[in-house]
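Below you'll find the structure, written out as structure tokens, and then a few comments.
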Amino acid sequence: MIIECIVTTLDETGAHLGEMRVNCAPMGVEWGDDIIVIKPYKETATYRNLTCSKPGVEAATAVVNLTDNVLLFARSAIASPVFPTRPADVLRGAVLQDVCSWREVEVLEIDSHEPRARITTRVVHRGFNRDFIGFNRARNAVLEAAILSTRTRFLPASEIEAEFERLQVIVDKTAGPREFEAMALLTDYVQKALAS
């Protein structure tokens, strides 16, 4: 089963001028209780951060953050934002402040044969911050729009525009302020990307 989350990773040094450099990447992961498969594209910071460990050094680590805040998905899909985080409890990593629950994971195996790598990780720690109430139709629509916004380079513009129109109707009917803001951000981004 694929679960949409935000994966946080640290760069190879983990610190820059006294602060961690945290990469926040929205993605679907193959979910399991003990094993989670992270599937980043090889040109991404997530891939670099998870493949940087050297033999004899501790395994690379990540935090798989589950949140119901779709604005975080929208912002991280189209840019490289810095969200408030705190240190992970057990492993070297960063937990989003606006998280429902999270899994701290360490890399077990890396398969880089395809453009999108398969990085098998083991859950080392589970954390809980607040209840995950779930996604309403607007949150689901924003999540789909965020995914579409990452595909403007290879999907036909007419297909993206038609889908955004359909998703906007759902947002207009069922959204709260956060979902409206997220959809507006994604719509503006996609319009500019398709116009260039």
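Some notes on this structure:
- Test: residue in region 113-132 that is assigned to a helix (DSSP H, G or I), over 19 Å from ILE3 (Cβ atoms) and without any contact (Cβ under 8 Å) to a residue 24 or more places away in the chain: no
- Selection within region 180-195 - of a type in the set (S, T, N, Q) and without any contact (Cβ under 8 Å) to a residue 40 or more places away in the chain: GLN191
- Taken as a whole, the structure leaves GLU161 outside the set of residues that are within 19 Å of the chain's Cα centre (by Cα), of a type in the set (Asp, Glu) and either surrounded by 16 or more Cβ atoms within 10 Å (Cβ to Cβ) or not assigned by TED's automatic domain parsing to the domain that holds ARG86 (or both).
- Residue in region 140-155 that is in a loop (DSSP other than H, G, I, E, B) and in contact with a Phe, Trp or Tyr (Cβ under 8 Å, 6 or more places away or on another chain) present: no
- Scanning region 132-145 turns up one or more residues that are within 19 Å of PRO40 (Cβ to Cβ) and of a type in the set (A, V, I, L, M, F, W, C).
- Among the candidates ASP89, ASP98, residue that is surrounded by fewer than 18 Cβ atoms within 10 Å (Cβ to Cβ) and closer than 29 Å to LEU186 by Cα: ASP98
- The C-beta contact set for region 80-99 (first residue more than 10 Å from VAL63 (Cβ to Cβ), second residue acidic (Asp, Glu) and part of a loop (DSSP other than H, G, I, E, B), distance under 9 angstrom, 6+ apart or interchain) comprises PHE83/ASP98; PRO84/ASP98; ASP98/ASP68.
- Qualifying residue in region 121-135 (condition: among the charged types (D, E, K, R), under 30 Å from THR51 (Cα atoms) and at pLDDT 95 or above): yes
- Scanning region 45-87 for residues that are modelled with pLDDT of 95 or more, among the hydroxyl-bearing types (Ser, Thr, Tyr) and within 17 Å of THR150 (Cα to Cα) yields THR46, TYR47, SER76.
The values are calculated or read from the model by the stated rules, or taken from the named source; none is laboratory data. All values reported here derive from a predicted model rather than from experimental measurement. Neighbour counts run over all protein chains shown; Cβ positions are idealised from the backbone, glycine included.
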